[in-house]
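Remarks on the structure that follows.
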Amino acid sequence: MKTIDLRSDTITLPTPEMRLAMAEAELGDDVYGEDPTVNELEAEAADVLGKEAGLFTASGTMGNLAALMSHTTPGDEVLLDQEAHIYYYEVGGLCRVAGLVPNLIAGDRGLISAGQLQEALRPANIHFPRPKLLCMENTHNRAGGRVLPQDAVAETAETAREAGLRVHLDGARLFNAAVASGSAAKELAAPFDSVMVCLSKGLAAPMGSVLVGSAAFVARARKNRKLLGGGMRQAGVAAAAGLWALRNMTERLREDHSRAQVLAERLTAHSGVALAQPVETNMLYLTVQGSAADWVQSLQEHGVLSNAVGPNLLRLVTHCQLDDVDMERVEAAFVQTAGRCVSRADGEPDQSR
Ligand code: TLP
């Protein structure tokens, strides 16, 4: 029986067309700037996002880190939402590698308002690190795959710029935000000096991200990528899949979003499960009755993989390797699991085993 893997859209495998593109890719040494496929991907991603230049990185984490390093000097302050992936899930690279001081802001479901930013920015003083960079995230992972409201994003970015800060976007799932909001990715990227987008999530490329910005910024980021060990030589073999993904996989993200809606309706119709966040794109954050770890284990026994992201919090992510029949099996697994885990949480003996 097929295992239904809802842990992340990162588990997606390259399509046969991507594999073919990889096999046929023209290659060269990218550290010399001589891989034509990497160059094509970088130029095309920059164009799609309305920036001057692009840089292919091994991962989203590397793209974000290279961006942080290229906008700042060690000892500077970076302002970001307290639930930001860059802070929460990137192994502390912002402190450990980039040498930055994080100033965490309790955004409203991932959104830092202009007022909050103003409050967080301290006046110049001999005691304080220099505030240099604001980071935002769209869609916002820990806010449930939320699409940030663009007017508010633009206002906050403008406030940052007036205060002399640069502004970076972790757009790992920016194309999800674009299809969900009906805006072009370029419009969503416009308020930012730099944007990182992932090719290896819903777009299903096997690896890689692209960091875009001004030509001068990308030149600095290219050097920082080298420092991080990200000079990947004949990287066109991976970039070819990313290029195909960028051209062919963005529009179909709608299907993932509608399957997430279907799951939200079906799963919350049963006891023991409630939405922790509204579902806007391809993520579901569910509050479960009982221990999330127990739910993960029981769902797994029914062939469904999920992630516990809090004591009572489950995350499910839809992607291109799921179909409608899978959604029915997920619902059945939840019904079985609720029977077991909810009675256990209520202190009743578990009779389902
Ligand atoms: N997110 C992964 C895990 O790291 C949690 C996931 O399964 O969602 N920014 C955002 C908003 C992300 O969600 C991720 C990956 C990254 C950056 C990092 O990308 P990679 O995994 O390519 O380093």
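Quick look at the values:
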quantity	calculated
Nearby aspartates and glutamates by direct alpha-carbon distance to K132 (threshold 18 angstrom, same-chain neighbours under 8 apart not counted)	D76, E77, D81, E119, E155, E158, E162, D170, D193
Ellipticity estimate at 222 nm from DSSP helix runs (n ≥ 4, -39,500 (n - 2.57)) divided over the chain, nearest 500	-12500 deg cm²/dmol
Segment 1-80: radius of gyration over Cα atoms, expressed as a fraction of 2.2 N^0.38 Å	1.46
FRET efficiency, 1/(1 + (r/R0)^6) with R0 25 Å, evaluated for E44 and Q321 via beta carbons	0.50
Set of lysines near K201 by C-alpha distance (under 21 Å), chain-local residues within fewer than 8 positions excluded	K2, K186
Segment 163-218 - percent relative contact order, Cα under 8 Å, separation 6 or more	32 percent
Per principal axis, descending, Cα span of segment 199-353 in whole Å	63, 31, 26
Selection from T3, N248, L322 lying farthest towards where the dipole of the chain points positive, charges on Cβ	T3
Cβ-placed point charges (K, R +1; D, E -1), dipole of segment 1-145 about Cα centre in debye, nearest 20	920 debye
Rounded to 5, percent antiparallel among DSSP beta bridges of the chain	50 percent
Equivalent ellipsoid semi-axes, segment 42-116, via Cα gyration tensor eigenvalues times 5, rooted, Å	23, 17, 12
Sorted by Cβ neighbour density within 10 Å, fewest at the top, the residues W295, W244	W244, W295
Separation of alpha-carbon centers, segment 202-271 and segment 274-306, rounded to whole Å	24 Å
Gyration tensor (alpha-carbon) shape descriptor, segment 166-244, a/c threshold 1.5	oblate
Histogram of C-alpha separations across segment 119-264, 10 Å bin width, %	10, 34, 34, 17, 5, 0
Per-bin percent of Cα-Cα distances, the chain [10 Å]	6, 25, 30, 24, 13, 3, 0
Cα extents of segment 50-202 along the three principal axes, largest first (Å)	45, 32, 30
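Every number here is computed from the coordinates shown, using simple stated rules; none is lab data. The model shown is predicted, which means the values in this text are computed figures rather than measured ones. Don't worry about glycine lacking a Cβ; one is built from the backbone with ideal geometry, like all the others, and counts go over all protein chains shown.
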